[in-house]
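Asks: My questions all concern the structure below.
FYI, it's all coordinate maths here, none of it is from the lab. Quantities reported herein were computed from a predicted structural model and do not represent experimental measurements. Every residue, glycine as well, gets a Cβ built from its backbone with ideal geometry; the counts of neighbours run over all protein chains shown.
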């Protein structure tokens, strides 16, 4: 399912039998909406090409996205976007919010989290995300970002992860960490596992050999090795179970 268009996408039956988003309607909405989304660093515009169709251009620092207006309308149609002014406006706003993260934004506001590092969802690694509202957008270093710049950005993101406010709930022998609005931020706690252990102990749960069950986009479960293995085996979702000492050695990607 294409998530770039946010909550403007409707139900399953509509996606199976979509009503087409008209290019002319998209152009009308874009001409009205996009100027309001522009900032000093962000350019969002519709450009009319000579002898060809219009192109939506999104530019922010070194990042650029260009897409034919007709192709964008097709993508919205396949995603089940409601072909109304409100539906198209919400979808276009969400699409702009999903634009690539510039290096400067990652350096200034990036947060370290754990996410899937392979398509099979068999391994996790550290990555930098930047918040845009309730979205956590992954940062991929640009071709111009050197090793020193990438290292500084990742180190700063690890520092900010310490400051993420998370909810801790203890249920029997299990401690659950979660974030109220951005689920992937639950894994930010894992940058400081010893501090996690101290908070868990203060909450009344002794855990001498903490293992973590990581399912990106879900709460993080902490328990002893046997219970952690049982938790992982009881869910149908892909997860990775690790002793807390292994967290520091996970790769960045």
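Asks: Can you give me the angle between helix 69-78 and the longest principal axis of the chain, using Cα atoms only, in degrees from 0 to 90, rounded to the nearest 10?
Replies: So the helix axis and the longest Cα principal axis differ by about 50 degrees.
Asks: In addition: If you stretched the chain out fully between residue 178 and residue 68, how much longer would it get, using 0.36 nm times the residue separation minus the C-alpha to C-alpha distance?
Replies: Details: separation 110, 0.36 × 110 = 39.60 nm, distance 3.93 nm.
Taking residue 178 through residue 68 to full extension adds about 35.7 nm, to one decimal.
Asks: Taking the Cα centroid of the stretch 92-160 and of the stretch 209-253, what is the distance between the two, rounded to the nearest whole Å?
Replies: 22
Asks: Another question, if that's okay. Provide Rg over Rh for the chain; use the alpha carbon set for both Rg and the Kirkwood Rh (inverse mean inverse pair distance).
Replies: Values: Rg = 21.2 Å, Rh = 20.3 Å.
Here Rg/Rh amounts to 1.04.
Asks: To one decimal place, what orientation-averaged projected area in nm² is obtained for the convex hull of the Cα set of the stretch 6-97? Kindly include the intermediate steps, with their values, before the conclusion.
Replies: Working: hull surface 24.1 nm².
Mean shadow area of the hull around the Cα atoms is 6.0 nm².
Asks: Viscosity 1.306 mPa s, temperature 10 °C: what is the translational diffusion coefficient of the stretch 131-189 from Stokes-Einstein with a Kirkwood Rh over Cα pairs, rounded to a whole number of µm²/s?
Replies: Details: Rh = 13.5 Å.
It comes out at roughly 118 µm²/s.
Asks: Measure off 7 Å from each Cα along the Cα-to-Cβ vector at residue 237 and residue 132, then give the distance between these two points in nanometres to one decimal.
Replies: 2.4
Asks: Right, something else. Which percent of Cα pairs goes in each bin when the distances of the stretch 54-193 are cut into 5 angstrom slices starting at zero?
Replies: Cα pair-distance distribution for the stretch 54-193, in percent: 2, 9, 15, 17, 16, 15, 12, 9, 4, 2, 0, 0.
Asks: What is the calculated FRET efficiency for residue 108 to residue 253, with r their C-beta to C-beta distance and R₀ = 30 Å, to the nearest 0.05? Write down the numbers at each step before the final one.
Replies: Details: r = 21 Å, r/R0 = 0.69.
Plugging the Cβ-Cβ distance into 1/(1 + (r/R0)^6) gives 0.90.
Asks: How much space per residue, in cubic angstrom, does the convex hull of the C-alpha atoms of the stretch 167-249 take up?
Replies: Spelled out: Cα convex hull of the stretch 167-249, divided by residues, is 87 Å³.
Asks: Let me ask another. Mean-square fluctuation check for the chain, GNM, Cα pairs under 10 Å: which of 223, 109, 203 is largest?
Replies: 203
Asks: While we're on this one: Counting other beta carbons within 10 Å of each residue's own, what order do 222, 22 fall into, fewest first?
Replies: On the way: 222 27, 22 13.
Lowest count first: 22, 222.
Asks: Still on this structure, I have one more. Can you give me the angle between helix 193-202 and the longest principal axis of the chain, using Cα atoms only, in degrees from 0 to 90, rounded to the nearest 10?
Replies: The angle comes out near 60 degrees.
Asks: May I ask you to give the average projected area over all directions of the convex hull of the Cα atoms of the stretch 103-161, in nm² rounded to one decimal?
Replies: Working: hull surface 17.5 nm².
For the Cα atoms of the stretch 103-161, the hull's average projected area reads 4.4 nm².
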